[in-house]
Amino acid sequence: MHLFDSHCHVQLPQFDLDRDAVIARMQERGMGAVVVGTDLETSRAAIALAEQHDFLWASVGLHPNDNPAEAFDVDTFAALATHPKVVAIGECGFDFYRQAPTPEVLAEQRVRFEHHVALAQAAGKPLIIHCRSTKDTENAHEALLAVLEPLQAKGQLPMGVMHFFTNTADMAKRCLTLGWYISFPGPVTFTNMYDESIKAVPLDRLLIETDAPFAAPTPHRGQRNEPAYVEEVTKKVAAIRNEPLETILAQTVKNSRTFFSL
Ligand SMILES: [Zn+2]
């Protein structure tokens, strides 16, 4: 593998018309990717794709509020988590951008998240975290760390990655203190707001992603994103860190293999 997308959703309907072509472009580039579930249906679809392609793997979980009506089905997710192509649990976490953090919302999201932590502990697989705070705050991140830091103190913290990291360098450092990885998405190609966070991550804790079909990087901004565009994100991260592209390519593939036990 020469390139790795740590987080994409090629199972979603946005790819129904040309999924085979999108996946063929991944294969041409010699890339690998993790297809991430956001609810039960998309988790099952992620596994189905991973079963068909040896360069795809799956993650299963229930997003904090993409599908607020779905109750977390503990037994079904626990069974999916043991599938050999399932390499992570999530995406899960906290989202106070789409839902204001009333006490009820906080409690609901916390219960939903704690199910995923238990699943990751039981399966011995890492967590993929979605964490989105209210604009210009760190409120969702504080809620997340309020769950994780006590687990770390007890020696019960699963491995994890902060997916789509778009917060401060200080917050990046707090997440690194957990022993976790940090994954950067397409928007780093068109804003310099996260440059200091990108520089704060040690080379051996860095992952890169597209979150396709969302958040396409320059020069595809505004269009549907696809995993092959992870190359643009990787180039930009190399430029921001002032490191050779080859170094970032090789290291993020290596980190992906280590993190997801590929
Ligand atoms: Zn996602």
Considering residues that are open to solvent by 50 Å² or more (accessible area, probe 1.4 Å) and hydroxyl-bearing (S, T, Y), the number found within region 215-240 is 1
Where a residue in region 37-63 is part of a helix (DSSP H, G or I) and its partner, wherever it lies, is among the small types (G, A, S), with Cβ under 6 Å and at least six apart
S43/G37; A46/G37; A46/A58; I47/A58; A50/A58
Of everything in region 107-116, what is over 19 Å from A58 (Cβ atoms) and open to solvent by less than 70 Å² (accessible area, probe 1.4 Å)? Give them in sequence order.
A107, Q109, R112, F113
Name the residue, out of L145, L203, L178, L207, that is buried (at least 21 other Cβ atoms within 10 Å of the Cβ) and either of a type in the set (F, W, Y) or under 18 Å from the mean Cα position of the chain (by Cα) (or both).
L207
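One line per residue, one yes/no per condition, for (1) within 16 Å of the ligand (Cβ to nearest atom); (2) not in a helix (DSSP H, G or I):
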{"site": "D136", "(1), (2)": "no, yes"}
{"site": "A140", "(1), (2)": "yes, no"}
{"site": "V147", "(1), (2)": "no, no"}
{"site": "Q152", "(1), (2)": "no, no"}
{"site": "Q156", "(1), (2)": "no, yes"}
{"site": "V161", "(1), (2)": "yes, yes"}
{"site": "K173", "(1), (2)": "no, no"}
{"site": "G179", "(1), (2)": "no, yes"}
It is to be established whether one or more residues within region 124-131 are within 24 Å of L106 (Cβ to Cβ), among the basic types (K, R) and open to solvent by 10 Å² or more (accessible area, probe 1.4 Å).
no
If you scan region 108-117, which residues turn out to be aliphatic (A, V, I, L, M) and more than 18 Å from the chain's Cα centre (by Cα)?
V111
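The values are calculated or read from the model by the stated rules, or taken from the named source; none is laboratory data. The structure presented is a predicted model; accordingly, all values stated were derived computationally and were not measured. In this analysis, Cβ positions are derived from the backbone assuming ideal geometry, glycine residues included, and neighbour counts consider all displayed protein chains. With ligands, DNA and RNA removed, areas are computed over all heavy atoms of the protein, side chains included. Shrake-Rupley method; radii C 1.70, N 1.55, O 1.52, S 1.80 Å.
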